[in-house]
Amino acid sequence: MEVFVHRQPQGYLTSELEDVQELEELLANYGPLGDNDEVTVIMSAPWPIIRGLLSNPVLNDIWFNPERIKE
């Protein structure tokens, strides 16, 4: 599985980083990274892995009911 996180003007493969803290520090090099700032995430993997992520009950609202997360 490959996960690419992009924030203008730069993006990073998570497999090349230590952890989410390192990713956050790199993204913050292009300006403050607040809770309302958006990043783009591209996940590439075989369909069974993606289907498993999308079917996970803990993450289901993130994918299919994002308004519930805002409440």
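Any residue at all in the range 59-67 that is among the β-branched types (V, I, T), part of a helix (DSSP H, G or I), surrounded by fewer than 10 Cβ atoms within 10 Å (Cβ to Cβ) and at pLDDT below 90? No, the conditions are met nowhere in the range 59-67. For the range 21-30, the criterion of being among the hydroxyl-bearing types (S, T, Y) and either surrounded by 11 or more Cβ atoms within 10 Å (Cβ to Cβ) or over 12 Å from the mean Cα position of the chain (by Cα) (or both) is satisfied by at least one residue.
In the range 3-19, the residue that is farthest from L53 (Cα to Cα) out of those that are exposed (fewer than 12 other Cβ atoms within 10 Å of the Cβ) and at pLDDT below 95 is P9. Checking each residue in the range 36-51 for being without any contact (Cβ under 8 Å) to a residue 24 or more places away in the chain and in a helix (DSSP H, G or I) picks out W47, P48, I50, R51.
Close contacts from the range 2-21, counting a first residue that is without any contact (Cβ under 8 Å) to a residue 24 or more places away in the chain and a second that is part of a loop (DSSP other than H, G, I, E, B), with Cβ to Cβ under 6 Å and a gap of 6+ residues or different chains, come to none at all.
Within the range 55-71, residues that are at positive phi and small (G, A, S) reach no partner that is surrounded by 10 or more Cβ atoms within 10 Å (Cβ to Cβ) and modelled with pLDDT of 85 or more with beta carbons closer than 6 Å at six or more positions or on different chains.
Taken over the range 36-47, the criterion of being under 15 Å from E2 (Cβ atoms) and either modelled with pLDDT under 90 or exposed (fewer than 10 other Cβ atoms within 10 Å of the Cβ) (or both) is satisfied by P46, W47. Residue count for the range 44-69, restricted to those that are aliphatic (A, V, I, L, M) and in contact with a helix residue (DSSP H, G or I) (Cβ under 7 Å, 6 or more places away or on another chain): 4.
Determine which member of the set L33, L54, L23 is at pLDDT below 95 and either among the charged types (D, E, K, R) or assigned to a helix (DSSP H, G or I) (or both). Only one candidate passes the filter, namely L54.
The values are calculated or read from the model by the stated rules, or taken from the named source; none is laboratory data. As the structure is a prediction and not an experimental result, all values here were calculated from the model. Here the Cβ is made from the backbone with ideal geometry for all residues, glycine too, and neighbour counts use every protein chain on show.
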